[in-house]
Amino acid sequence: MYPRAFTYHRAGSLKDAASLLSQLGEDAKLLAGGQSLIPLMKLRFANPAHLVDLNFVEGISHIQQKNGALHFGALARHAEIEKSPTAAKIPILRDCAAGIADVQVRNRGTIGGSLAEADPSGDWATVLLTLSCEVRCSGIAGERSFQLSEFLKDAYITALAPDELVSEIVVQLPPENSGGAYIAFKRTAPVYPTASAAVQVTVEGERCREIAITIGCVGLLPIRVREGELALRGQRITAKLIESAADAARSAADPQSDMRGSSEYKRQLVGALVKRAAEAAFQRARGEQAEVSHIYA
Amino acid sequence: MPEAARKASIQLRVNGKLHASEVEPRQLLVEFIREDLELTGTHIGCDTTYCGACTVLMNGAAVKSCTVFALQADGAEIATVEGLEKEGELHPIQKAFADCYSLQCGYCTPGLMLSALQLLKENSNPNRKQIRKAIAGNTCRCTGYQNIFKAIETAAARMRGTSHGD
């Protein structure tokens with residue numbers, strides 16, 4: 001299948017990309033990993049007249065630790081994050097990177113593209129909302145920076161101006177005694193998840209000092225499960241409290257029935273995923289090994 | 001519909017051989033490989049980034065060539081199934097697929113072998129779970145996968161036993 005004909009522009013830098021977007025107007029789209037955009041173009045759901053390719057820009061796929069934070073260039077690919085010892089300092093990031101779609105898609109897809117697309121079924125936003133995450137953007141007017149929760153506006157809508165692009169994602173390293181886990185449930189590897197859950201915690205002995213719970217694919221945006229966080233924050237960790245956080249996730253979910261399952265099924269599923277992710281997060285925060293991954297047949 | 005966009009020049013190496021070509025921006029890498037280079041071992045299955053029949057290696061990394069524009073492969077090294085055989089000798093992965101009866105209709109096989117090649121370059125002794133994960137992006141509707149797992153294990157063992165690293 002061929003997309004509609006378009007004019008191809010190879011950006012030489014982020015600045016160059018922003019000025020091309022500004023000149024070409026709304027008919028231009030950025031091409032990062034292309035693993036969502038190219039299929040959409042082939043199906044003619046997206047018909048941009050111009051593509052601005054970022055893949056030949058140097059120096060925007062770094063993964064570095066600086067001043068207590070991990071910095072990801074917008075073009076850092078999922079597979080690079082999956083294999084990076086630096087990214088592994090925040091284990092929930094590895095859970096996410098190692099489970100997105102399949103090897104081939106992870107070899108191309110990028111963290112910046114995933115956030116900029118803001119697909120309600122994407123993985124990165126759900127995970128990064130449990131951490132302190134800043135999205136840096138570059139435009140012809142200069143640089144801007146958003147907390148991720150401010151960056152995501154609605155399904156497929158972000159704070160990006162039409163002539164602006166994501167340049168870097170900065171994630172603060174969590175304090176000592178922290179751990180997190182992300183589990184997405186998929187029917188098969190290459191498809192989007194049916195539901196997903198990310199839990200990031202900090203413990204103090206037997207107690208949960210800090211917790212963030214986010215659920216994905218069950219609403220137009222990833223959903224923070226505040227009630228579930230309240231149930232556990234400051235408390236001694238028990239199976240019963242984890243179950244109540246799972247119940248809170250079932251209540252907070254706002255899923256649509258579709259080919260991946262009925263809304264009631266997804267509601268039940270997301271609770272089970274929160275429970276499993278929370279158990280793994282607490283284990284990791286206590287320094288125990290816990291292996292989790294996307295679940296599929 | 002916009003008028004047909006101008007062609008652009010690309011240069012890339014496919015199975016070690018340098019090709020210089022003019023391509024339309026919307027031409028996909030898989031179409032370039034099959035139609036322009038006439039290397040038809042790379043298959044088009046679903047054409048929607050699902051099945052992995054079109055898998056090739058781009059700079060050593062497995063990609064679905066139906067989801068990369070040919071223009072994006074400018075300057076890249078591409079490996080397709082035709083490049084596996086060396087001087088009339090099948091690659092150990094090809095031999096193992098034959099020996100283990102790992103194909104029936106064979107449509108998915110080239111893509112699976114390229115995914116296996118990336119895996120075995122990174123991990124010379126993968127366990128069953130790692131093999132499953134490595135080929136999760138390759139759909140086979142005939143075999144039920146068991147003989148494919150066996151072939152990749154067999155190829156790994158044979159490649160560890162010899163110096164055949166590529």
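Values in this text are rule-based calculations from the coordinates and carry no lab data. Given the structure is predicted, the values throughout are model-derived calculations rather than measurements. Don't worry about glycine lacking a Cβ; one is built from the backbone with ideal geometry, like all the others, and counts go over all protein chains shown.
Data overview
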item: Ranked by how many other beta carbons lie within 10 Å on average, peptides A:42-52, A:231-241 from highest; result: A:42-52, A:231-241
item: Number of partner chain Cβ atoms within 10 Å, mean per residue of A:95-107; result: 6
item: Fewest-first ranking of A:Ser132, A:Ser196, using other Cβ atoms within 10 Å as the exposure measure; result: A:Ser132, A:Ser196
item: Sorted peptide list for A:243-252, B:141-150, criterion being average Cβ within 10 angstrom, highest first; result: A:243-252, B:141-150
item: √(5λ) per eigenvalue of the Cα gyration tensor, the stretch A:63-172, largest first, Å; result: 21, 16, 13
item: Global geometry of the stretch B:1-76, whether rounded, prolate or oblate, following the gyration tensor of its Cα atoms and the 1.5 cut on a/c; result: oblate
item: Among A:Ser244, A:Tyr296, B:Met58 - extreme Cα towards positive end, dipole of the protein assembly as shown, charges at beta-carbon; result: A:Ser244
item: Rough spin-label spacing in nm, given labels placed 7 Å along Cα→Cβ, for B:Thr48 and B:Gln104; result: 2.3
item: Shielding by partners - mean other protein chain Cβ count within 10 Å, residues of B:129-142; result: 3
item: Cα→Cβ-extended label distance, 7 Å offset, between B:Arg132 and B:Leu90, nm; result: 2.7
item: Whichever lysines have a C-alpha closer than 30 Å to that of A:Lys29, once near sequence neighbours (fewer than 8 apart) are set aside; result: A:Lys15, A:Lys42, A:Lys83, A:Lys153, A:Lys186, B:Lys7, B:Lys64
item: By average C-beta atoms within 10 angstrom, highest first, the peptides A:279-289, B:79-89; result: A:279-289, B:79-89
item: Cβ-based exposure ranking for A:Thr194, A:Thr188, A:Thr214, in which fewest neighbours within 10 Å come first; result: A:Thr188, A:Thr194, A:Thr214
item: Overall form of the stretch A:221-297 per C-alpha gyration tensor (a/c, 1.5; a/b vs b/c); result: oblate
item: FRET efficiency estimate (nearest 0.05) - Cβ-Cβ, A:Asn67 to A:Tyr265, R0 56 angstrom; result: 0.80
item: Farthest toward positive dipole pole in the stretch B:11-122 [+1 Lys/Arg, -1 Asp/Glu at C-beta], among B:Leu119, B:Thr49, B:Val68; result: B:Leu119
item: Average beta carbon contacts from partner chains per residue of A:183-189, 10 Å cutoff; result: 2
item: The protein assembly as shown, Rg to Rh (Cα coordinates; Rh as Kirkwood inverse mean 1/r); result: 0.98
item: Qualifying chymotrypsin sites (Phe, Trp or Tyr not before Pro) in the stretch B:52-121, DSSP loop, other Cβ atoms within 10 Å at most 16; result: B:Tyr101
item: Check: the protein assembly as shown dipole with +1 on Lys, Arg Cβ and -1 on Asp, Glu Cβ, in debye; result: 1140
item: Rounded to 5, percent antiparallel among DSSP beta bridges of the stretch B:8-83; result: 90
item: The stretch A:134-258 - Kirkwood radius from inverse mean 1/r over Cα pairs (Å); result: 16.5
